[in-house]
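Quick notes on the structure that follows.
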Amino acid sequence: MIRFIAAALILIGVLGLILARVFPGAEALKAIEISAAVAFVIQVLTFRAVVPPKGRPDLPGGMLMRWGAGAVVRLFSLLLYGLVATKLLGLPAAPALVSLAAFFFVTMLAEPLMLTNAS
């Protein structure tokens with residue numbers, strides 16, 4: 001779990017620096033920073049849910065079901081973020097949504113590598 005948290009922080013940090021160059025401006029930077037925080041919290045929580053239960057046998061296909069459920073959580077959080085949070089916080093939609101989706105994507109790619117070491 002600690003390795004995933006560290007990997008997620010590094011991936012989100014590096015990608016955040018890249019996205020700050022793609023979307024210049026103070027408002028865009030604020031959107032990228034908030035998206036990074038949202039992505040980190042959601043990714044850590046969903047990764048925790050995906051990790052196989054310790055001390056109990058896993059159901060056949062259980063890992064795939066949990067990983068799919070995590071993907072659904074990410075999709076709905078992206079939708080809610082786009083529909084509600086950007087309006088409430090007054091964030092520019094393009095940098096906020098692109099950065100959140102990109103943060104989800106890169107950290108989701110790291111999950112299988114970390115899951116093989118988590119069990």
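The table for this structure:
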quantity: Members of segment 21-42 that are surrounded by 16 or more Cβ atoms within 10 Å (Cβ to Cβ), touching a Pro at 6+ places or on another chain (Cβ under 9 Å) and of a type in the set (Gly, Ala, Ser); calculated: ALA28, ALA31, SER35
quantity: Complete set of residues in segment 43-64 that are more than 15 Å from VAL106 (Cβ to Cβ) and surrounded by 19 or more Cβ atoms within 10 Å (Cβ to Cβ); calculated: VAL50
quantity: Index of the failed condition, ALA101 passing every other in (1) under 9 Å from the mean Cα position of the chain (by Cα); (2) surrounded by fewer than 19 Cβ atoms within 10 Å (Cβ to Cβ); (3) within 23 Å of ILE2 (Cβ to Cβ); calculated: (3)
quantity: Pair list, Cβ < 7 Å and 6+ apart or interchain, from segment 54-83 residues that are within 24 Å of ILE34 (Cα to Cα) and part of a helix (DSSP H, G or I) to residues that are among the charged types (D, E, K, R) and at pLDDT 85 or above; calculated: none
quantity: Selection status of LEU109, closer than 22 Å to ARG21 by Cβ, touching a Lys or Arg at 6+ places or on another chain (Cβ under 9 Å) and either touching a residue at least 24 places away in the same chain (Cβ under 8 Å) or among the hydrophobic types (A, V, I, L, M, F, W, C) (or both); calculated: no
quantity: Test result for ALA26, over 16 Å from the mean Cα position of the chain (by Cα) and hydrophobic (A, V, I, L, M, F, W, C); calculated: yes
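The values are calculated or read from the model by the stated rules, or taken from the named source; none is laboratory data. Computed from a predicted model, the values in this text were never measured in an experiment. Glycine gets a Cβ as well: all are built from the backbone with ideal geometry, and neighbour counts include every protein chain shown.
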